[in-house]
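A short worksheet on the structure shown next.
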Amino acid sequence: MTDATPDFEEIAETFAFLDDWEDRYGYVIELGKAMEPMPDSLKGPETRVEGCASQVWIAPRIEEGPPRRLHFQGDSDAMIVRGLIAILRALYSGRTLDEIRALDAQAALDRLGLAEHLSAQRSNGLRAMVGRIRALAGAETV
């Protein structure tokens, strides 16, 4: 499944409109700045994402259904990573657990061309964040 949410479509359209990667990086940082800060009370070992060079936290909230839907807040000490979290929120947040498990995140993110323009550490961190979200959707309890 690669159906994008309207929020993700807007991001993809903006990426297509911007000509160079410096502008796209600036846009990703702006997405991060626009995201509501995550309360410090939610930043702990249970919400920390391992495998990221930066400090990254993803705090889930399951909306009981049926169907059950995943919402999450995220934060990082790196602005570019906050922007990547904003992109993942646009891609995933509010989807049902089944939709998240079926979503081809790699195909969606490939539309943005991120893999070719992020450092190896940032790419690994992005994969770790996607893995964490997928694990949350696959878990019996969150």
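A few remarks follow.
- Restricted to helices (runs of 4 or more DSSP H) entirely inside the range 72-137, those with at least 2 residues that are at pLDDT 90 or above are 79-92, 97-102, 105-110.
- Residues in the range 24-76 that are charged (D, E, K, R) and within 15 Å of the chain's Cα centre (by Cα): Glu30, Lys33, Glu36, Arg48, Glu50, Arg61, Asp75.
- Inter-residue pairs, beta-carbon under 9 Å, first within 15 Å of Leu97 (Cβ to Cβ) and without any contact (Cβ under 8 Å) to a residue 60 or more places away in the chain and in the range 56-68, second among the β-branched types (Val, Ile, Thr) and part of a loop (DSSP other than H, G, I, E, B), 6+ apart: Arg61/Val142
- Scanning the range 81-100 for residues that are under 19 Å from Glu10 (Cβ atoms), surrounded by 17 or more Cβ atoms within 10 Å (Cβ to Cβ) and either among the basic types (Lys, Arg) or over 11 Å from the mean Cα position of the chain (by Cα) (or both) returns Arg82, Arg89, Arg95, Glu99.
- Subset of the range 126-136 [surrounded by fewer than 23 Cβ atoms within 10 Å (Cβ to Cβ) and not charged (D, E, K, R)]: Ala128, Val130, Gly131, Ala135, Leu136
- Residues of the range 1-35 satisfying the condition of being within 22 Å of Ser93 (Cα to Cα), out of contact with any strand residue (DSSP E or B) (no Cβ under 9 Å at 6 or more places or on another chain) and outside any helix (DSSP H, G or I): Met1, Thr2, Asp3, Ala4, Thr5
- The residues of the range 47-69 that are assigned to a strand (DSSP E or B) and buried (at least 22 other Cβ atoms within 10 Å of the Cβ), listed by number, are Val56, Trp57, Ile58.
- Condition met for Ser119 (of a type in the set (Ser, Thr, Tyr) and within 14 Å of the chain's Cα centre (by Cα)): no
- Contact map, the range 75-98: residues that are more than 16 Å from Glu30 (Cβ to Cβ) paired with residues that are hydroxyl-bearing (Ser, Thr, Tyr) and not in a helix (DSSP H, G or I), Cβ distance under 7 Å, separation 6+ or inter-chain. Pairs shown: Asp77/Ser54; Leu91/Thr5.
- Residues in the range 1-24 that are without any contact (Cβ under 8 Å) to a residue 60 or more places away in the chain and either surrounded by 16 or more Cβ atoms within 10 Å (Cβ to Cβ) or not charged (D, E, K, R) (or both): Pro6, Thr14, Ala16, Phe17, Leu18.
- Count of the range 28-37 residues, restricted to those that are at pLDDT 95 or above and out of contact with any helix residue (DSSP H, G or I) (no Cβ under 6 Å at 6 or more places or on another chain), is 3.
- Sole residue being without any contact (Cβ under 8 Å) to a residue 24 or more places away in the chain, farther than 27 Å from Glu22 by Cα and of a type in the set (A, V, I, L, M, F, W, C), chosen from Ala120, Ala135: Ala135
- Test: residue in the range 101-116 that is buried (at least 20 other Cβ atoms within 10 Å of the Cβ) and touching a strand residue (DSSP E or B) at 6+ places or on another chain (Cβ under 9 Å): no
The values are calculated or read from the model by the stated rules, or taken from the named source; none is laboratory data. Since the structure is predicted, the reported quantities are computational estimates derived from the model, not experimental observations. All Cβ positions, even for glycine, are placed from backbone atoms using ideal geometry, and neighbour counts span all protein chains on display.
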